[in-house]
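Student: Quick one: this structure, given as structure tokens, is what I'll be asking you about.
The values are calculated or read from the model by the stated rules, or taken from the named source; none is laboratory data. For clarity, every value in this text was computed on a predicted model and none was experimentally measured. Note that we place each Cβ from the backbone using ideal geometry, even for glycine, and neighbour counts take in every protein chain shown. Side chains are part of the model used for accessible areas, which takes the heavy atoms of the whole protein and leaves out ligands, DNA and RNA. Shrake-Rupley method; radii C 1.70, N 1.55, O 1.52, S 1.80 Å.
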Protein chains: 2
Amino acid sequence: MMAAPQTLDQTLLALADPTRRAILQRLSRGEARVTEVAQPFKMSLNAVSKHILVLERAKLVKRRKVGREHFLSYRAQPLDAAAKWMDDTRTFWGSRLDALEHLLREEDENTK
Amino acid sequence: MMAAPQTLDQTLLALADPTRRAILQRLSRGEARVTEVAQPFKMSLNAVSKHILVLERAKLVKRRKVGREHFLSYRAQPLDAAAKWMDDTRTFWGSRLDALEHLLREEDENTK
DNA sequence: TTGACATTCAACCAAAAGGTTGAATATATT
DNA sequence: AATATATTCAACCTTTTGGTTGAATGTCAA
């Protein structure tokens, strides 16, 4: 099943920010609380909190509340979907170009 | 070699817009002029021209000028790099989770 | 209960994004 | 030379984004 384009939008938009990608990297090493996630950044806790909200809306992050602490974890599904979209687009190209064209393109790509 | 994070930013930002993704889809079927690319959209030619500039800055589109006509073509490299970043992030997870955890996560993912 | 802690909410601000229209530039056509 | 075509540039507007600070909320700990 193909992801709704709106979802893809949200995913890519969420990923198009280095802070948010860094947050995901952090979470890819395991669950963490909001404060822990925010710690390495120079910006305010509030700013990070907002970034987390964006990631949450995009379903890239899931929140589990325990008392006053919110534990955040990485969710793979949207990234999988985005990767699939990319693969599809790229695969299309691969099958469209004939061998010579493809070779020339690589050539060009490498000497840039 | 790893892409500069700035480049990844540009790539993902460029992709995080349905109009621009549609433009790329169009170009994945072959070269086209600016006017041709703009034709299906409801927005003004100028708006599309701006989108193309964004794609060009992200090196997702290359421009070849012939007289007054500008021929646009799709470039695969940045998408490749973005896909690689995603794969890397995802692969990390894949190798980190043990089989049971992984299974439970999938389970959870599917019943949401 | 008083106070510290974890987190969000709300209001605000500057900068960027995405669109518009109108003018400019360069090339083709007659 | 005059006009039409292809495209960008420039100015403008509105909405969104990414950040700030200060207050509110809810929970733990003394």
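Student: So what are the ³J(HN,Hα) numbers for segment A:34-51, from phi and the Karplus equation (6.51, -1.76, 1.60; θ = phi - 60°), rounded to whole Hz, Gly and Pro as x?
Tutor: 4, 4, 4, 4, 6, 3, x, 8, 7, 6, 5, 4, 4, 4, 4, 3, 5, 4
Student: Follow-up. Quick one: which residues, 5+ away or cross-chain, put their amide H under 5 Å from the amide H of residue B:71? H built at 1.01 Å from N.
Tutor: Counting only residues 5 or more places away or on other chains, the set is B:64, B:65, B:66.
Student: Something else about it: Keeping every protein chain in place, order B:59, A:62, B:50 by accessible area at 1.4 Å, biggest value first, i.e. largest first.
Tutor: B:50, B:59, A:62
Student: Name the residues of segment A:63-80 whose amide N is less than 12 Å from a point 7 angstrom out from the Cα of residue A:45 along the C-beta direction?
Tutor: What the label zone holds, given the 12 Å backbone N cut-off, is A:69-70.
Student: Could you go through segment A:18-28 in sequence order and give the Karplus-derived ³J(HN,Hα) for each residue, using 6.51 cos²θ - 1.76 cosθ + 1.60 with θ = phi - 60°, rounded to whole Hz, and x for Gly and Pro?
Tutor: Whole-Hz 3J(HN,Hα) from phi for segment A:18-28: x, 4, 5, 5, 5, 4, 4, 4, 4, 5, 5.
Student: Testing the spin-label approximation: label points 7 Å from Cα along Cα→Cβ at residue A:56 and residue B:63. State their distance in nm.
Tutor: 4.2
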